[in-house]
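Below is one structure; the comments refer to it alone.
Throughout, read-outs are computed from the coordinates displayed, never taken from laboratory work. Please read these numbers as outputs of a predicted model, since none were measured by experiment. All Cβ positions, even for glycine, are placed from backbone atoms using ideal geometry, and neighbour counts span all protein chains on display.
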Amino acid sequence: MVTFSVPVSAGNKHLRVAEELFRLSVPRRTVVLAGSRNRQVPDKACTALLNAFSRHGFSFFVGDAKGVDKCFRKAISTNPCKYRSLVACAFNRRAEYSFSNGLLATKVVPENLPPKAALHRRTVWMVKRFCMVLLFPEDPVTGRWGKGSALAFRTALYHIKPVFVVSSMPPKDSIHYLLLPANLFNVVDGFWVVPHPYGEGDTCDEEWKRGVNSKDKKSKRGVLPGLLSF
């Protein structure tokens, strides 16, 4: 497990108990990298984030769109982490070697879906299989979140997975998650959005139920879902 420690400001209304640090634990598994099709992430920032996650043992999942997806595909293609990364595609042509920057890529949706349905299924397929999402949702043209980013955000919360949102404005307050301003690896500022944990920072209800019902009755610590092998 990797633990992220987030300083908590005095009087933070998202925590019931006053704390100086909020600790979130996630497995050393795979991060989904996602965001607006119209946003650019500097190559230096992409590389710094990839290196930081890699030092903690993470692998990467990225989509086949332009914008944020393309920025990370480019950065991954020249980084040692390319051997631990996968491009999830909505269309066969996007899984081609030239389009995916030479990275391992595969179509992850059924055949003959309408384009909008295929893009929707690809996003859901990615997010539900991995341990956390790094999201750059703001469209620099409109200042609003794109539909794909909103879908990734909702899907992560539905599956009880944390999201780090790189945005000038925080997501809306909700009874369904903790919202904490933070800095990630001294690279980007944003907000941790954390579904309410079951144990010491762990969030996944499905794996928690398995743990409680397992033969090891002494263990009460929840564990997030497993990594898909590829």
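Structure notes:
- Once you reduce segment 48-88 and segment 120-194 to the center of their Cα atoms, the two points are 17 Å from each other.
- Alpha-carbon Rg/Rh ratio, for segment 50-101, with Rh computed the Kirkwood way: 0.97
- Trypsin sites (Lys or Arg not before Pro) within segment 63-99: DSSP coil, no more than 16 neighbouring Cβ in 10 Å: Lys66
- Each 5 Å bin from zero holds the following percent of Cα-Cα pairs in segment 28-154: 2, 12, 22, 25, 22, 12, 4, 1.
- Take the Cα of Lys116, step 7 Å toward its Cβ, do the same at Thr78, and the gap between the two points is 3.8 nm.
- Placing R0 at 35 angstrom, the Cβ-Cβ distance between Arg55 and Tyr97 gives a FRET efficiency of 0.80 after rounding to 0.05.
- Taken over segment 1-156, lysine pairs spaced eight or more positions apart, or on distinct chains, with alpha carbons under 26 Å apart number 28.
- 12 Å cut-off, amide nitrogen to a point 7 angstrom out along Asp43 Cα→Cβ, residues in segment 98-134: none
- For segment 118-201, relative contact order (Cα pairs under 8 Å, six or more residues apart, normalised by length) works out to 25 percent.
- For segment 173-181, backbone phi angles converted through the Karplus equation (6.51, -1.76, 1.60; θ = phi - 60°) give residue-by-residue couplings of 4, 8, 6, 8, 7, 8, 10, 10, x Hz, Gly and Pro being listed as x.
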